[in-house]
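Written below as structure tokens is the structure these notes are about.
The values are calculated or read from the model by the stated rules, or taken from the named source; none is laboratory data. Being a predicted model, the structure only gives us computed values, none of them experimental. Heads up, the Cβs are rebuilt from the backbone with ideal geometry, glycines too, and the neighbour counts pull from every protein chain shown.
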Protein chains: 6
Amino acid sequence: MERVPTGVKGLDNMLGGGLPSGTCILVLGGPGAGKTIFGVQFLYMGAVEYNEAGLYVSFDESPLYLRRNMECFGWDLKRLEKEGKVFILDLSPIRAFPKEIEASFVKMNLIETIRNKVQEIRPRRIVIDSLATLVVQFPDVVERRNTVIKMFQTVMDLGATGLMLNELQTTYYRGRELQVEEFLAHGVILLRTLEERARILKAIQIEKMRGVSHDPQLRPYTIDKNGLKVFSKEHVFVPEYSIPIRSKK
Amino acid sequence: MERVPTGVKGLDNMLGGGLPSGTCILVLGGPGAGKTIFGVQFLYMGAVEYNEAGLYVSFDESPLYLRRNMECFGWDLKRLEKEGKVFILDLSPIRAFPKEIEASFVKMNLIETIRNKVQEIRPRRIVIDSLATLVVQFPDVVERRNTVIKMFQTVMDLGATGLMLNELQTTYYRGRELQVEEFLAHGVILLRTLEERARILKAIQIEKMRGVSHDPQLRPYTIDKNGLKVFSKEHVFVPEYSIPIRSKK
Amino acid sequence: MERVPTGVKGLDNMLGGGLPSGTCILVLGGPGAGKTIFGVQFLYMGAVEYNEAGLYVSFDESPLYLRRNMECFGWDLKRLEKEGKVFILDLSPIRAFPKEIEASFVKMNLIETIRNKVQEIRPRRIVIDSLATLVVQFPDVVERRNTVIKMFQTVMDLGATGLMLNELQTTYYRGRELQVEEFLAHGVILLRTLEERARILKAIQIEKMRGVSHDPQLRPYTIDKNGLKVFSKEHVFVPEYSIPIRSKK
Amino acid sequence: MERVPTGVKGLDNMLGGGLPSGTCILVLGGPGAGKTIFGVQFLYMGAVEYNEAGLYVSFDESPLYLRRNMECFGWDLKRLEKEGKVFILDLSPIRAFPKEIEASFVKMNLIETIRNKVQEIRPRRIVIDSLATLVVQFPDVVERRNTVIKMFQTVMDLGATGLMLNELQTTYYRGRELQVEEFLAHGVILLRTLEERARILKAIQIEKMRGVSHDPQLRPYTIDKNGLKVFSKEHVFVPEYSIPIRSKK
Amino acid sequence: MERVPTGVKGLDNMLGGGLPSGTCILVLGGPGAGKTIFGVQFLYMGAVEYNEAGLYVSFDESPLYLRRNMECFGWDLKRLEKEGKVFILDLSPIRAFPKEIEASFVKMNLIETIRNKVQEIRPRRIVIDSLATLVVQFPDVVERRNTVIKMFQTVMDLGATGLMLNELQTTYYRGRELQVEEFLAHGVILLRTLEERARILKAIQIEKMRGVSHDPQLRPYTIDKNGLKVFSKEHVFVPEYSIPIRSKK
Amino acid sequence: MERVPTGVKGLDNMLGGGLPSGTCILVLGGPGAGKTIFGVQFLYMGAVEYNEAGLYVSFDESPLYLRRNMECFGWDLKRLEKEGKVFILDLSPIRAFPKEIEASFVKMNLIETIRNKVQEIRPRRIVIDSLATLVVQFPDVVERRNTVIKMFQTVMDLGATGLMLNELQTTYYRGRELQVEEFLAHGVILLRTLEERARILKAIQIEKMRGVSHDPQLRPYTIDKNGLKVFSKEHVFVPEYSIPIRSKK
């Protein structure tokens, strides 16, 4: 099976090379986990290292702020946009749509808009940031399922590989309510923030990846000046009885 | 009582030979647990080792993707389909049915379609992947119960042995809400993903199996290049005070 | 007070001889706990050892499957039915009643049917398997309470001793929502499945038994080739700090 | 302040003599905790040791079964009824009232009936067993509050001392939803069943007792051949690290 | 800033002298925690030691019972009432208002009544016991917020210092749903009942006190023959691994 | 990227200099955590140390009380208001708006009022205290999302840097329901109150801060006579097995 490297060091190791080509992968994370950074890194590396065109569908952030926020990683999005390697589709105005506009009309319109853009620029990589704004309008489970399916089909119909970013609702102790998207997607990557004895740890987990063998364990990751970086050979270490080594407040 | 071997090593040991013939067995698992792999392995082994014909009713995945995803296990579904040993009934388009179509009409139609196909090809093994798409349209408990019962009867009326795959909603700490299907099925197998101190463990459990003696304990399993494999003599080990042996991040 | 032995070894010890005669006892358990086995054992032993006639009201399973599933314990139900010692009232078709039939009509009809059969064969022992199918149609607490009360009266009006089997909804950590039937029944027996450090343990508990002294502790039980067996002198042992003695996976 | 001894050894110690005269005390307990036994013991001892007449308002159990169940403690209720020292008001038929009868009519009627009986026999002690059947018909919090208040007033208007028995909904881990009656009653006694490492412990707790000094700690209690008995000098011991002393199953 | 001593030893230390003058302080506690005792102590000490007039608005208890229950602390309310230093406004009859009376009419009427009484006697200290009866009629969050705000304004408009007593809904493990009143009040004092290893501990906590420096820690308190007493220099000690020193039951 | 120092020692270290200029930062905290103090400190330091004008939009507290409560930190708001460096927009009367006024009218009106004031005085720093009063009127998730977005835009349209204060609903054990605002804001700072073994600890955490590198760990903070102070080099220490060093009650 053909693979699409993510551009996130260590993650491609966990995947055995990269994401399966032509699939929809769900990336879930809480606030501050690094979903957007992951999405942009996926397109940036795809453009710079593999010469693959990418489409970024932005629901929550205007392109202006998006470009600015990514500067700290040294990613010059404006240049790639000029070179036609990255295209940002700005759907952020839609957030402010008054409720009077029929939900189904909104749904059809947004998905149409994305579909048209995909057919126009034929990207190899697509990022949807984020599913939440779209599906939050469909509290009904059946409609939510159908909307997500349509979104997935829009991405895969042209054989592109898509990252769908979404909000990870928090864990109850040791469990959480699984989202319907997790069962429908071909793969699911979780960007988790663990808290153990008041110490914050970031961990990445491949919850599911159909058709390819992968590392199922939680691995630590950080966000540094180059973006996301996964330590794929190291385990997340959650001590329960270690000797406290930090000074007391 | 006649037995139907699952084709999953170690699991047939736990069952004392195999599943009871002519029953409906519920297989529950979270995303990435291996439900679909289990279902396909059941039909593949049934065809190759026991020459039993099987029907795969696919609600969530198109046959194209299903065949591709199973290649990594060396299972050539297309060949078996040509030989008439495996038949894939593609009901995945139904996922996108607009809500305007009466739920009961959908229910009757789907069950009719499955019934007709079963009567036509008379399989010995049937897999429904997955119940969720069907029952998610019936939030009412009574309707859900009745739909599941009809589905079970469709499978058993011709004396076939059926695996019904379904989504396992996650555990609250030490407990979860049981599904009505668990009380109605003849047997229930759980594909569980445990997380202990940030370490992921896969464990299989026979929660219920009427009429046959079986191993009730959680046993570890993996998904390797040959499909699912259960370690039926080993216990899942959940240490609480072991010495940490992995290097710290 | 006159006693009715259950036929489950060890449990009669816990009860000080047996159940109080002429009462309704609620038996709650999760899937695979052994409720049905317990119910049949109660009637089988009652017939074979005490020559008492019994009525089995089956809501969830057809008599055909019920007889087959009990064969592994050496219980020949068909023979006892011929001898008029056990009678199976098959109400399983009712599960598939479309919702259009008035709930109250269903309720009255089912309870009438049971009442008529009880008056006809005058059993000393009655098992209702299970209450869930009946009461799931009455989400309203007041109606649920009333339905259960009518069911109890039907059993006790002729001085029979009844086991009402019902589904045990699972524990949240250290607690669960109590069912109204638990407060109304004369006695409540729980067939619990504990999970401790991934090890499954079956435990029986007499939560309540009015009018007789009884053992309130959790005791271990198994299901072997003779049915349910309780170890009434042994405690369920839940280690928290024991040395792990099983090999690691 | 004048005191009314409960007749439960050890509990009167915890109360500093007995319940405050002329108040309404709520007694909460789960199934099998011993609420009814407590209520009957309160009236029995009141009649036999203090020559005080008592009224038992029974919502859930018919007098026939009530008398029979209390025989094992050596309490001959029938004799006390003949001597006019105990009166049982049987309101158990009301449980089966169809829902069509106006809830408010039921409420007014029941409270009227109780009020008339209280005025007729002028008891010094009153037991309501149980509040649940009455208030379960009033899911609305305001109505529930008002109904309970009316019930309390009925008891106190003639200067009697009342025990209102009610169902204790179970604990979530370390907490539970408090009932409005707990804030309205003058005193609250909890009959709790603790479970620690699969070992069942019964513990009594005076959650509240206005106007008198009392022991607030959980104390162990048992139900033996003489009724309830509280060990008021001993603490409930919940070990967390004790050496296991029971043989393993 | 001017301070108003509470009269509860130890608490005034925690507050750095007393409550800020002219504010509304919320006092939350469960049943039996001592809310009413705290409220009366606040007025009693204010009258006796500072010659400040106080108004007690009683929603839940009649003045007759209130006076009687406070006798055990040696507080002669009747005498202070005669001297015009304490006034009890009896709003307890309102509890029994049938639901047919418009909720908003009730609200306006009650607040009017309180406002008139405040303007008539011009107290320096006010206690509302309790908010629950008032706000339980307004399940709507916006109305509840507004009602509470009106109640606060009524108290502060004349520069009085007010204690609003309210019911503390219990903790889920390690957390609870915060009430809107907690965010609106100037200060919040919690009277908590902790339970650790079956041992009951009472602890007071100043959750919030705007404008003044205060002790935020949990401190133990008791209710003895003089009312509430706080041990402001001692910490609540919750052992987790202490050697058990009490005799076993 | 240009930075805006918060004026809270230690926090600016954690941020690498200060907040990103021209963004909306959400500050969440429970009652007593110090949200308001943080907000005022942000404006006070901005005015005094950086000569930046600030606008304080107060929904919950009248300016009179606000000024008084801040005196204990030595912050003379009145003087700064005279100098035109701080402006307090009093929207607290709105809290008492009867529900009859259309919610959408209220929303438009409030946001209009704020927008007009912002355009009039052109502040560099804005504090909204608090979002809760605004959004509590919009239980509908879509409306809530849109209202928050409008509020954010109002702040950023003139290039100001805004702190939006909001109530932090409490943690279930180890998790909580995330608010939609957390996903929409550019940054999120949590003022958390931890409770460990009955000891209260205040900890600050930067949950998210787009576009800048920051310290993600929980750090202790206090509120002393100078306002909030963060100990950015020290970890919050949550002992699990430390020897108890405080005297027992």
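The residue that is farthest from the other protein chains (Cβ to nearest Cβ), counting only those in the stretch B:193-207 that are among the β-branched types (V, I, T) and touching a residue at least 60 places away in the same chain (Cβ under 8 Å), is B:I204.
Annotation: D:E71 fulfils all but one of (1) more than 8 Å from every other protein chain (Cβ to nearest Cβ); (2) surrounded by fewer than 22 Cβ atoms within 10 Å (Cβ to Cβ); the unmet one is (1). Based on this model, can you work out whether C:G39 counts as touching a Lys or Arg at 6+ places or on another chain (Cβ under 8 Å) and within 14 Å of another protein chain (Cβ to nearest Cβ)? In short, no.
Scan the stretch A:122-148 residue by residue and report those that are modelled with pLDDT under 90 and farther than 18 Å from F:N146 by Cβ. Once the filter is applied, which keeps residues that are modelled with pLDDT under 90 and farther than 18 Å from F:N146 by Cβ, the stretch A:122-148 yields A:D140, A:V141, A:V142, A:E143, A:R144, A:R145, A:N146, A:T147, A:V148. Selection of the stretch D:177-192 for residues being closer than 22 Å to D:V230 by Cβ and either within 7 Å of another protein chain (Cβ to nearest Cβ) or at pLDDT below 70 (or both) yields D:E182, D:V188. In the stretch D:1-35, the residue that is nearest to the chain's Cα centre (by Cα) out of those that are modelled with pLDDT of 95 or more and of a type in the set (V, I, T) is D:V27. Among the residues of the stretch F:20-60, the ones that are closer than 21 Å to F:Q179 by Cα and in a helix (DSSP H, G or I) come to 4 in all.
E:L77 falls short on exactly one of the conditions (1) in contact (Cβ under 8 Å) with a residue 40 or more places away in the chain; (2) crowded, with 21+ Cβ neighbours inside 10 Å, and that condition is (1). Every condition in (1) away from chain F (no Cβ under 12 Å); (2) touching a strand residue (DSSP E or B) at 6+ places or on another chain (Cβ under 8 Å); (3) modelled with pLDDT under 95 is met by A:S62 except one, and the failing one is (1). Residues in the stretch B:151-176 that are at pLDDT 80 or above and not in a loop (DSSP other than H, G, I, E, B): 13 in all. Filtering the stretch F:206-241 to residues that are of a type in the set (A, V, I, L, M), out of contact with any Ser or Thr (no Cβ under 8 Å at 6 or more places or on another chain) and within 19 Å of F:G18 (Cα to Cα) leaves F:I206, F:M209, F:V212, F:L218, F:V230. Of C:E195, C:E207, C:E240, all but one fail to be among the acidic types (D, E), at pLDDT below 90 and assigned to a strand (DSSP E or B); the exception is C:E195.
For the residues F:I200, F:I94, the requirement of being surrounded by fewer than 17 Cβ atoms within 10 Å (Cβ to Cβ), modelled with pLDDT of 90 or more and over 19 Å from the mean Cα position of the chain (by Cα) singles out F:I200. Go through the residues of the stretch A:61-73 one by one and say whether even a single one is under 13 Å from the mean Cα position of the chain (by Cα) and under 23 Å from A:V148 (Cβ atoms). The answer is no; no qualifying residue exists. As a summary of the residue check, E:E83 satisfies the conditions (1) within 13 Å of chain D (Cβ to nearest Cβ); (2) farther than 26 Å from D:R145 by Cβ except for the one numbered (1).
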